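Just below is one structure, and these are the notes that go with it.
The values are calculated or read from the model by the stated rules, or taken from the named source; none is laboratory data. Everything numeric in this text was worked out from a predicted model, so none of it was measured. Note that each Cβ is placed from the backbone with ideal geometry, even for glycine, and that neighbours are counted across all protein chains shown.
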Amino acid sequence: MLQLILGFLFAAIIAVAAWRARSLSRSGAWGALLVGTLIFGLGGWQWAVLLLAFFVSSSALTRLFAKRKAALAEKFDKGGQRDIGQVLANGGIASVFAGLNFFFPHASWTWTAFAASLAAVNADTWATELGVLNPSMPRLITTGKPVERGTSGGISLYGTLAALGGAALIAVLAGLVRPAGNFWTVTGIASLGGLLGSLFDSLLGATVQAIYRCPQCDKETEKHPLHTCGTPTVQVRGWKWLNNDLVNLGCALVGALIGAFF
Ligand SMILES: [Zn+2]
């Protein structure tokens, strides 16, 4: 009970700080309070280290090169405030495994699943934020056809290296602060889960994710019903219900399942 209360207080401090720094919207801060309380309160300090590494590194990358990114792709011109949908898509699966750790305190699969899930969303976030800086146009993961920067399912050298770095950061930390097991096993499993999870994200983005077009800007976008310019967007491909948040949730879930399985 004490750990849960401390977890709540720690999560509240971080949620308020991130909201004031404009990394989170108001709803995003409520989401972070929930995710943070569960992970800090039911997991413990090791779990907090991984969540903070994801949160701090992805928020920092969103801000880094913000001007250059705004000039390169439309999806970066909103300042990068995460809302509750994005927070739960990225941290929801990890919270579930922190909860399972409470019921199975001697299991090792809860930790590897948790770590692999965060490695996957971290890889995806890093790839999105840094991939747009790639000097040439990205190529669609399924067909290899060059596509506009910021297109879902597009991959590039910078993006792929960023995904490797994002997964490795979480995986190495997971190995270093592991509650049980050996460093290389934990790090290897979390890296694998992270990379395959972010690969799954790109595959969904290139195939069945709902993609829209803004008739005003003549650009492909994930935004619906309104584009950032305020114009209603029209669907051009994918399953209508499969929005970007659900794709990120899928990325986190694939990472977690690989982490739990191995
Ligand atoms: Zn527009």
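Tell me, yes or no, whether region 111-118 has at least one residue that is surrounded by fewer than 24 Cβ atoms within 10 Å (Cβ to Cβ), part of a helix (DSSP H, G or I) and either in contact with a helix residue (DSSP H, G or I) (Cβ under 7 Å, 6 or more places away or on another chain) or not aromatic (Phe, Trp, Tyr) (or both). Within region 111-118, none of the residues are surrounded by fewer than 24 Cβ atoms within 10 Å (Cβ to Cβ), part of a helix (DSSP H, G or I) and either in contact with a helix residue (DSSP H, G or I) (Cβ under 7 Å, 6 or more places away or on another chain) or not aromatic (Phe, Trp, Tyr) (or both). Restricting ALA115, ALA48 to residues that are of a type in the set (A, V, I, L, M, F, W, C) and without any contact (Cβ under 8 Å) to a residue 60 or more places away in the chain narrows the list to ALA48. Scanning region 222-262 for residues that are away from the ligand (no atom under 16 Å from the Cβ) and assigned to a strand (DSSP E or B) returns a single hit, ARG237. Take the conditions (1) surrounded by fewer than 22 Cβ atoms within 10 Å (Cβ to Cβ); (2) within 16 Å of the ligand (Cβ to nearest atom); THR142 misses just one of them, which is (2). Look at (1) over 18 Å from ALA32 (Cα atoms); (2) modelled with pLDDT of 90 or more; (3) surrounded by fewer than 22 Cβ atoms within 10 Å (Cβ to Cβ) and you find that ASP124 fails only one, number (3).
Whether a residue is under 20 Å from ASN248 (Cβ atoms), surrounded by 17 or more Cβ atoms within 10 Å (Cβ to Cβ), away from the ligand (no atom under 16 Å from the Cβ) and within 16 Å of the chain's Cα centre (by Cα) was assessed, and GLY159 passes this test.
A single member of THR62, THR37 is in contact with a Phe, Trp or Tyr (Cβ under 9 Å, 6 or more places away or on another chain), modelled with pLDDT of 95 or more, assigned to a helix (DSSP H, G or I) and among the β-branched types (Val, Ile, Thr), and it is THR37. Residue pairs whose Cβ atoms lie under 6 Å apart, separated by 6 or more positions or on different chains, with the first residue in region 209-221 and farther than 24 Å from LEU199 by Cβ and more than 7 Å from the ligand (Cβ to nearest atom) and the second assigned to a strand (DSSP E or B) and not acidic (Asp, Glu), are ARG213/VAL234; ARG213/VAL236.
Just one of (1) under 25 Å from PRO138 (Cβ atoms); (2) within 16 Å of the ligand (Cβ to nearest atom); (3) not hydroxyl-bearing (Ser, Thr, Tyr) fails for GLY194. It is (2). Restricting attention to region 197-208 and to residues that are part of a helix (DSSP H, G or I), touching a Gly at 6+ places or on another chain (Cβ under 8 Å) and of a type in the set (A, V, I, L, M), the residue that is farthest from the ligand (Cβ to nearest atom) turns out to be LEU203.
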